[in-house]
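**Q** Got a structure for you, questions after.
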Amino acid sequence: ATPTALLVGTGRGAQLGILIKGPQILESTRRVDTIVLDKTGTVTTGQMTLVAVHPNENVTDEELLVFAGAAESGSEHPIAKSIVTGARARLLTLPTPESFSSTDGLGVQAIVDGRVVLVGRPSWLSENWSIELPSELKLALSSCESRGQTAVAVAWDGQAQGILAVSDVVKDSSAAAIKEFRRLGLRPVLLTGDNETVARVVGTELGIIDVRAGVLPAEKAEVIRALQLEGRVVAMVGDGVNDAVALATADLGIAMGTGTDVAIEASDLTLIRSDLVAAADAIRLSRRTLSTIK
Ligand code: ADP
Ligand code: MG
């Protein structure tokens, strides 16, 4: 998918749907003992659906969706897209925001109909804007999270106006891929900017115990470096802009073919079908290829 992704080595790589950037990559692939997996878009489809709308008592569902949808219309984040799609599916017209900015891994800020609207991580609203959720919304939030849904807070006029929950599904192939990683002696780690509860639900579904949640985009690479300092040889699989530095830091960076260009550029391997099973195939293939060379 990218001009720099050069196909080398055996024709097997191509058959398996793997693009390899250069022959030197096979060596680090062979020594890998830890595989760090980004959650959204890598282990899950990343195609989120709006599943719950919880406004404050003085706000309607429609108002909450119009302001949140308008604020999110400038964002490429899967959460943003699902909110916009959810609002349009309810036949709501979203005004164009007068201004827009987004903070990676935290949320968006926009001016909609003269109001400052925030949509993002509840902890970002509280720590950065001193906006707290009232207790009913806190309850709704934790019940969404315990079901594995990601909930974001929506605020305007300096007050929390509601929460929206989105859900994502684990890819059909992820469970089989993780079993395969274990068979190859690799330790899986789940890494995400999403909150702990949601990440644990996904981890439990897949049998991954080592879950690192609430990690900001800038901190993802630090997690990789810390594992390397423990003496581990780390492969990282990701798809997002927020994964790029971590992918470049890892001993082996693996990008999803459906991922962003930056993630593909930062990686050593690209999985054309965006299927984690291909990552296991790549590691097995490199071990075999090298054992026949040596
Ligand atoms: P991941 O590591 O799973 O890809 P991100 O780092 O992109 O996650 O996002 C982490 C969290 O930041 C999200 O779960 C959400 O709470 C918040 N967030 C990021 N971008 C947005 C956005 N556009 N709208 C609302 N919330 C957002
Ligand atoms: Mg991702």
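The values are calculated or read from the model by the stated rules, or taken from the named source; none is laboratory data. Model, not experiment: these values are computed from the prediction. Cβ atoms come from the backbone with ideal geometry, glycine included; neighbour counts cover every protein chain shown.
**Q** I'd like to check something: does segment 226-235 contain any residue that is farther than 21 Å from residue 145 by Cα, in contact with a helix residue (DSSP H, G or I) (Cβ under 7 Å, 6 or more places away or on another chain) and outside the structural domain of residue 144 (by TED's automatic domain parsing)?
**A** Within segment 226-235, the subset farther than 21 Å from residue 145 by Cα is 226-235.
Adding the requirement that they be in contact with a helix residue (DSSP H, G or I) (Cβ under 7 Å, 6 or more places away or on another chain) leaves 233-234.
Then drop every residue that is not outside the structural domain of residue 144 (by TED's automatic domain parsing), which leaves 233-234.
Yes, segment 226-235 has at least one match.
**Q** Looking at segment 21-72 only, could you name the residues that are among the hydrophobic types (A, V, I, L, M, F, W, C), out of contact with any Pro (no Cβ under 7 Å at 6 or more places or on another chain) and closer than 18 Å to residue 84 by Cα?
**A** 50, 51, 52, 53, 65, 66, 67, 68 - these are the residues of segment 21-72 that are among the hydrophobic types (A, V, I, L, M, F, W, C), out of contact with any Pro (no Cβ under 7 Å at 6 or more places or on another chain) and closer than 18 Å to residue 84 by Cα.
**Q** Let me ask something additional. Can you tell me which condition residue 41 does not meet? The list is (1) modelled with pLDDT of 95 or more; (2) within 10 Å of ligand 1 (Cβ to nearest atom); (3) outside any strand (DSSP E or B); (4) not aliphatic (A, V, I, L, M), and all the others hold.
**A** The single condition residue 41 does not satisfy is (1).
**Q** Something else about it: How many residues are buried (at least 21 other Cβ atoms within 10 Å of the Cβ), hydroxyl-bearing (Ser, Thr, Tyr) and part of a strand (DSSP E or B) when one looks only at segment 157-186?
**A** 0
**Q** Let me ask you something else. Taking into account only those residues within segment 243-260 that are touching an Asp or Glu at 6+ places or on another chain (Cβ under 6 Å) and in contact (Cβ under 8 Å) with a residue 60 or more places away in the chain, which is farthest from ligand 2 (Cβ to nearest atom)?
**A** Top of the filtered list is 252.
**Q** I've got another one for you. Wholly within segment 69-149, which helices (runs of 4 or more DSSP H) include no fewer than the required count, namely at least 3 residues that are farther than 23 Å from residue 201 by Cα?
**A** 78-89, 122-129
**Q** Can you name every residue in segment 68-91 that is within 15 Å of residue 118 (Cα to Cα), without any contact (Cβ under 8 Å) to a residue 40 or more places away in the chain and more than 16 Å from ligand 2 (Cβ to nearest atom)?
**A** Residues satisfying the conditions are 69, 73, 74, 84.
**Q** Continuing with this model, one more query. Any residue in segment 187-201 that is aliphatic (A, V, I, L, M), touching a strand residue (DSSP E or B) at 6+ places or on another chain (Cβ under 7 Å), in contact (Cβ under 8 Å) with a residue 12 or more places away in the chain and part of a loop (DSSP other than H, G, I, E, B)?
**A** No, every residue in segment 187-201 fails to be aliphatic (A, V, I, L, M), touching a strand residue (DSSP E or B) at 6+ places or on another chain (Cβ under 7 Å), in contact (Cβ under 8 Å) with a residue 12 or more places away in the chain and part of a loop (DSSP other than H, G, I, E, B).
**Q** Can you find even one residue in segment 23-30 that is among the aliphatic types (A, V, I, L, M), within 16 Å of ligand 2 (Cβ to nearest atom) and assigned by TED's automatic domain parsing to the domain that holds residue 251?
**A** Initially, segment 23-30 is screened for residues among the aliphatic types (A, V, I, L, M), giving 25-26.
Narrowing the set further to residues that are within 16 Å of ligand 2 (Cβ to nearest atom) leaves none.
No, segment 23-30 contains no residue that is among the aliphatic types (A, V, I, L, M), within 16 Å of ligand 2 (Cβ to nearest atom) and assigned by TED's automatic domain parsing to the domain that holds residue 251.
**Q** Can you tell which of 132, 145, 136 is touching a Ser or Thr at 6+ places or on another chain (Cβ under 6 Å), away from ligand 1 (no atom under 12 Å from the Cβ) and modelled with pLDDT of 95 or more?
**A** 132
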